[in-house]
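Heads up, the thing below is written out as C-alpha cells.
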Amino acid sequence: MKTLIFITKADTEECARALLFAAGKTGTGSAVVLSFGEHGWVTGLPAKQVIQIKDGGAVIAERYMDTAAKYVRELQPDVVLMASNDMGVELAARLGHRFCGCSASYVTDIRIKEETVCIRRRTFGFHMECDKQLRKLPCFIALDKACMPTLEGRGEPVVVPGAFVPPRVGFDSCVEQPQEEEIGLDACENLLCIGRGVGSEAAARKAEELGDALGFGVGASRPVVLNCWMPLKRLVGLSGTVVGAELLLTLGVSGCAAFVKGVEKSKCIIAVNSDPDASIFKHCDVGIVGDCNAVAGYLADNIKL
Amino acid sequence: MKKILACFKATRDLENMTSREIRAYLDGGNDLSFLREKIGAYDEAALEAALRIRDDYLKRQLQVRTVALTVGKCAERFVKELYAVGFDEIVVVEGTEEQSGDALFVAAAINDYIEEGGADIILAGQQSSPGENAKVPYILAEMQNMPCLSGVSDVAAGGDALQVLCRTDAGIYDVAVGGRALLVVRDALHPYLRVATLREKLSVKGKTESRRQPGKTLSCEQNEVTNGFVFEEGERQCIFIEGETIEQKAEVLLREYLPERIVK
C-alpha cells in the first residue's frame with residue numbers, strides 16, 4: 001500500500017514517528033511525508049520523501065484542504081495518515097468524501113488484511129473500540145494520540161519544497177491570538193486534576209494553589225474547562241492532554257470514559273469524590289469518599305508542617 | 001432575511017455507564033433505553049451559539065430565522081424545549097436508528113434540506129455519541145462547498161461579518177466570516193442551552209416539529225464494515241482510605257501516599 005503522511009503545525013516529532021510506525025504496518029517500506037509548517041526535524045525522519053510546505057498562515061484545515069487534495073491527486077496514495085488533532089480529524093473526513101474513499105478518526109490500530117485496510121477506533125463515548133474494514137481506497141485515517149509506538153532512527157529523506165494552493169473558499173480575515181502558555185502536562189511526573197465536584201471557580205483556584213504547593217502539575221476535567229474555571233490548555237483526557245503520570249491525584253473528578261482513557265497510563269491514581277458510586281473509583285488505586293474541598297484544604301494546611 | 005440552521009442529535013448519556021451496563025449492551029441487549037436521553041454535548045453548544053447569533057441580529061433589528069434540525073428520532077420534550085428557547089422551526093428528518101448513526105446518510109439529509117430551504121449560517125457539533133465519527137459537518141462542508149471552521153468556541157454577530165473564535169490545538173484564531181459558513185462547535189464558551197421560562201414553555205404548547213423524508217439515501221455502510229466491538233474493562237482495585245472524619249482520611253493520604261511526592 002502506498003502511504004502518505006500529513007504532519008501539521010500542531011504535531012510533534014514523536015507524533016510524526018508514530019505515524020511512520022503506523023505507515024510501516026500498512027506494508028509501506030517508506031512513506032512520503034507532507035509537512036505543513038516549519039518543523040526542522042522533518043528532514044531527519046526515516047521516510048522516503050519529505051514535501052515541506054512552508055506557509056506561515058493560520059493553521060485552519062479549510063486553508064489546507066486544497067493543498068492536501070492536490071498532493072493526494074498527484075501522489076495517488078492508498079492510505080493517508082494523520083494525527084487525530086483538530087486539523088487531522090477534519091482533513092480525514094473531508095478528503096475521504098472528496099476522493100470517494102473511506103475515512104476514520106480516533107484510530108488506535110491499523111493493519112492490512114487481504115488487501116483491505118482494517119482499523120480499530122474509539123467509539124461509544126470512548127468506552128469501547130470497534131473493528132472496521134475500510135473497503136474503498138484511498139483511506140484517510142486520523143490516528144489517536146499516543147496510541148502507537150514510534151519509529152526510531154534517523155533517515156535521509158529526499159526533501160522537496162511543496163506548493164501551497166490558496167483555498168477556493170475563505171474568510172474575510174483571520175487573526176491568530178497569542179498562544180496560552182504551554183503547560184506540558186504530559187511531561188509532569190505528578191499531577192493534580194480538578195473536576196466539577198469542587199463546585200466553583202474559587203474552589204478550583206484553591207485546588208490549583210494546592211497543586212502548586214505540592215509541586216504537581218495542575219490539570220482539569222472537561223466540565224471544569226467548559227465552566228471556564230480553568231483554561232482549555234489544562235484539559236486532561238482524550239480531548240485534551242493524554243497523561244501518564246507517576247501519581248495522579250483527582251479532586252471531584254467523576255471519571256467519564258474520555259477522561260479515564262486519557263489518564264489510564266498513570267501508575268498510581270488517587271481519587272477523592274463525595275459520590276461512592278462515582279466511576280472514577282473503578283479506575284483508581286486509592287480512593288477517598290468525601291468532600292474533595294475539605295481534603296484539599298486539609299492538605300494545603302498541613303503540607304508545610 | 002438571514003437563516004441560521006443548527007443541527008443536533010438526541011443521544012443517550014453514555015458518560016457514566018458502568019462496565020456491567022456496557023457488558024450487558026454488548027452481550028446482545030443492544031438496549032440503551034435505560035440511559036437518560038440528551039442532546040449531544042457539542043450539539044447543545046451549537047444550538048446555543050445559533051441563538052446567540054440570532055440575539056445579536058435582533059439587537060441590530062435585522063430579520064433572522066433560526067431552524068434546529070435533527071435526523072432520526074427526537075423526543076417531544078426536545079422539540080418543545082427548542083421552540084421555548086426561541087427556535088422558529090424544528091425540523092425532524094425521518095430515519096432509523098442505524099441511519100441516524102450513518103454520517104453519510106445524515107450529511108446528505110441535511111444537505112437536501114439546505115438545497116431546498118437554504119441556510120446562511122450552519123452550526124453543528126463536531127461529533128456525538130455513540131459513534132463519535134466526527135464526520136457529518138465535514139462531509140456537509142464538502143457537499144455544500146462552503147467555508148468550514150472547526151473548533152468554534154464563540155460567535156458574535158455585532159458587525160457586518162460574523163466574528164468567530166476558534167480554539168484549536170494549533171492556535172487560537174479570531175476569524176471574520178462575511179458570507180455563508182459552516183461552524184463546527186466543540187469546547188464552547190457557552191456550552192449549555194439556555195433554560196426557557198415557564199411562560200416561554202407555555203407559549204409553545206401546541207407547536208410540533210416539521211417532519212420530512214430524507215432525499216437521497218446515501219450510506220457509508222457498504223464501504224465501512226463494522227466487524228465487532230472491543231471492550232477492555234481495565235478496572236483497578238481501589239483501596240478506600242477509611243476514617244471517622246474527612247480530616248482523618250486526608251491525614252492518611254498525606255502521611256502514607258504523598259510525602260515522597262511533595263516537592264519541598
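Just to confirm the filter: which GluC sites (Glu not before Pro) across segment A:107-190 are DSSP coil and have at most 11 other Cβ within 10 angstrom of their Cβ?
Sites meeting the loop and neighbour criteria: A:GLU114, A:GLU115, A:GLU152, A:GLU181, A:GLU182.
Take the alpha carbon gyration tensor of chain B, find the square roots of its eigenvalues, order them as a ≥ b ≥ c, and report rounded if a/c is under 1.5; if not, report prolate when a/b exceeds b/c, else oblate.
Note, shape of chain B comes out prolate.
With 10 angstrom as the radius, rank B:THR11, B:THR18 by how many other C-beta atoms surround their C-beta, starting from the fewest.
B:THR18, B:THR11
How would chain A be classified by its alpha-carbon gyration tensor: rounded, prolate or oblate, with rounded meaning a/c under 1.5 and the a/b versus b/c comparison settling the rest?
Prolate, because a/c is 1.5 or more and a/b exceeds b/c.
Among the listed pairs A:LYS267/B:LYS38; A:LYS267/B:LYS9; A:LYS233/A:LYS265; B:LYS38/B:LYS201; A:LYS136/B:LYS73; A:LYS132/B:LYS216, which have their C-alpha atoms separated by more than 27 angstrom in this model?
Violating the 27 Å Cα-Cα cut-off are A:LYS267/B:LYS38; A:LYS267/B:LYS9; A:LYS136/B:LYS73.
Compute the distance from the alpha-carbon center of segment B:84-133 to that of segment B:172-212, in whole Å.
13
Can you sort A:TRP41, A:TRP229 from fewest to most other Cβ atoms within 10 Å of each residue's own Cβ?
A:TRP41, A:TRP229
Please say if segment A:23-105 is rounded, prolate or oblate, where rounded means a/c under 1.5 for a ≥ b ≥ c the square roots of the C-alpha gyration tensor eigenvalues, and otherwise the choice is prolate for a/b larger than b/c and oblate otherwise?
Values: a/c = 1.61, a/b = 1.05, b/c = 1.53.
Oblate, since a/c reaches 1.5 and b/c is not below a/b.
Where is the GNM fluctuation largest for chain B (alpha-carbon springs, 10 angstrom cutoff): B:PHE231, B:PHE87, B:PHE240?
B:PHE240
Which ³J(HN,Hα) values in Hz, rounded to whole numbers, follow from the phi angles of segment A:211-216 under the Karplus curve 6.51 cos²θ - 1.76 cosθ + 1.60, where θ = phi - 60° and Gly and Pro get x?
x, 4, 5, 6, x, 9
Springs between alpha-carbon atoms under 10 Å, Gaussian network over chain A: tell me which of A:GLU208, A:GLU74, A:GLU38 tops the mean-square fluctuations.
Taking springs between Cα atoms under 10 Å, the residue moving most is A:GLU74.
Could you pull out every one of the aspartates and glutamates with an alpha carbon less than 17 Å from that of B:LYS207, ignoring same-chain neighbours closer than 8 positions?
Reachable aspartates and glutamates: B:GLU76, B:GLU81, B:ASP88, B:GLU89.
Take chain A, connect every pair of alpha-carbon atoms lying under 10 Å apart with a spring to form a Gaussian network, then pick out the residue of A:ASN85, A:ASN227, A:ASN273 with the largest mean-square fluctuation.
A:ASN227
Every read-out reported here was derived from the displayed coordinates using simple, explicitly stated rules and does not represent laboratory data. All values reported here derive from a predicted model rather than from experimental measurement. So basically every Cβ, Gly included, is an ideal-geometry build from the backbone, and we count neighbours across all protein chains shown.
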